Amino acid sequence: MTTIKHKEIQTVDDLFDFLKHETQSKTKAVYRGVKSIDYKLVPSIGRHKTNNQRGFNTKREILLLNTFREKAYPFMENKGHSTLELLALAQHHGLPTRLLDWTKNPLVAFYFAVEDSWLDERQMKPSAIYVWRKSLKGEIVPTFEPFELTEVRLFLPVHLTNRIISQSGIFTVHPNPYEPFESKEIEVVQIHPDVRRQLKKALFQLGIHSSALFPDLDGVARHIKWLKTDIF
C-alpha cells in the first residue's frame, strides 16, 4: 500500500482542504470510507467462512450465488440478470460477494467513515478513506465475466437502485477476493477519532446524511434517530 500522501484529517478544515485537493487533481478517483484503519480492502466473501468453517473459494462462491439466484427468483422484477448484475443485487441485499462498494463522491466516503461517530472515540482507531486514482475510461462496461478476471475491474450496474444513485456508487470486482487488494494507485487518508462527530455534523450541513444516502424508511428512521437522540 502506498504511503499516506495527505495529512491526517484532524479538523473540519482539513476535510475542506482534502476536497480542494481532489477538485484540483488531474486524475479521477473513486473513494471508499471505512470505520477503522484496520479494515483492509477485502470483499465480504473474503471476510466470511462457510457454515462448516471452511474458507470460501470460487467454486463455493458460485454455489452461494446460485443459491441466491434460486431463492430470490420469485422476488425479482427482472428475471434476466447477468452474473455481474446478480452479484450487484446480492451485494445490495447483504450477501457476501467479490464486490467492494466505492463512490465517486468523496463526501459520501467520509460519511461511511464517520457514520458511527457516537461510539467512544477513546476506544476507536482512526477511520480511513481509500482513494483509488484509477482512470474510469473503458472500465464501466458490464460485459466481462466476474469469475474469469485477472485484474480488478470497475463496474456500474445497468439497473441502478435509488441507493446506488444517491451514493454515487460504483463497484470493484476482484479476481482474488479472499486477500486484501493493494495497488500503487491507492492512497490512504486517516481520520482522527476526535473529529468524527464534528465531521458528521458538517456533512449533514452539506446534505450528506442517512436519509439522503438511503432514500427509504430505514434511512429516514436512522437519520431521525441521529438528530433527536443522545448520539447526535
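For the pair Gln10 and Val42, label points projected 7 Å from Cα toward Cβ lie 3.2 nm apart.
In the chain, taking the dipole from charged Cβ atoms about the Cα centre, the farthest positive-side position among Leu19, Ser166, Leu203 is held by Ser166. If both residues of a DSSP beta bridge must be in the chain, then about 95% of such bridges are antiparallel.
Here the contact order of the range 1-109, divided by its residue count and restricted to Cα pairs under 8 Å and six or more residues apart, works out to 39 percent. Springs join every pair of Cα atoms under 10 Å in this Gaussian network model of the chain, and among Asn51, Asn105, Asn162 the largest mean-square fluctuation is at Asn51. Report the Cα centroid-to-centroid distance between the range 175-232 and the range 60-85 in angstrom, as an integer. Cα centres, the range 175-232 to the range 60-85: 29 Å.
Each peptide in 58-65, 97-104, 187-194, 217-224 receives the mean, over its residues, of other Cβ atoms within 10 Å, and ordering these scores from highest gives 97-104, 187-194, 58-65, 217-224. Length, then width, then depth: along the principal axes, the Cα atoms of the chain run 47, 40, 35 Å. Dipole check for the chain: with +1 at the C-beta of Lys and Arg, -1 at the C-beta of Asp and Glu, and the Cα centre as origin, the magnitude is about 120 Debye.
Percent of alpha carbon pairs in the range 33-74 separated by more than 13 Å?
I get 64 percent for the Cα pairs in the range 33-74 exceeding 13 Å.
Of the peptides 10-17, 39-46, the ranking by mean beta-carbon count within 10 Å, highest at the top, reads 39-46, 10-17. Once C-alpha pairs closer than 8 Å and six or more residues apart are averaged by separation and normalised to the residue number of the chain, the relative contact order reads 33 percent. The alpha-carbon of Lys35 sits under 25 angstrom from the alpha-carbons of these lysines, leaving out residues fewer than 8 places away in its chain: Lys5, Lys7, Lys20, Lys49, Lys104, Lys125, Lys134, Lys184, Lys200, Lys201, Lys225, Lys228.
Using equal-weight Cα scatterers in the Debye expression, the normalised intensity of the range 1-90 in log10 at q = 0.12, 0.16 Å⁻¹ is -0.67, -0.87. Residues in the range 57-72 carry Karplus couplings, in order, of 10, 4, 4, 5, 5, 5, 4, 4, 5, 5, 5, 4, 4, 5, 6, 8 Hz; the curve used is 6.51 cos²θ - 1.76 cosθ + 1.60 with θ = phi - 60°, and Gly or Pro positions show x. Subtracting the Cα-Cα distance of Leu63 and Asn176 from 0.36 nm times their residue separation leaves 39.0 nm of extension gain. Modelled this way, with points 7 Å down the Cα-to-C-beta line, the labels at Ala221 and Glu70 are 3.2 nm from one another. Over the chain, DSSP H runs of length four or greater, each weighted -39,500 (n - 2.57), average out per residue to a 222 nm ellipticity of -10000 deg cm²/dmol.
Every number in this text was worked out from the coordinates using simple rules, so none of it is lab data. Keep in mind it's a predicted model, so treat the numbers as computed, not measured. Neighbour counts are summed over all protein chains in view; Cβ atoms, including those assigned to glycine, are modelled from backbone coordinates with ideal geometry.
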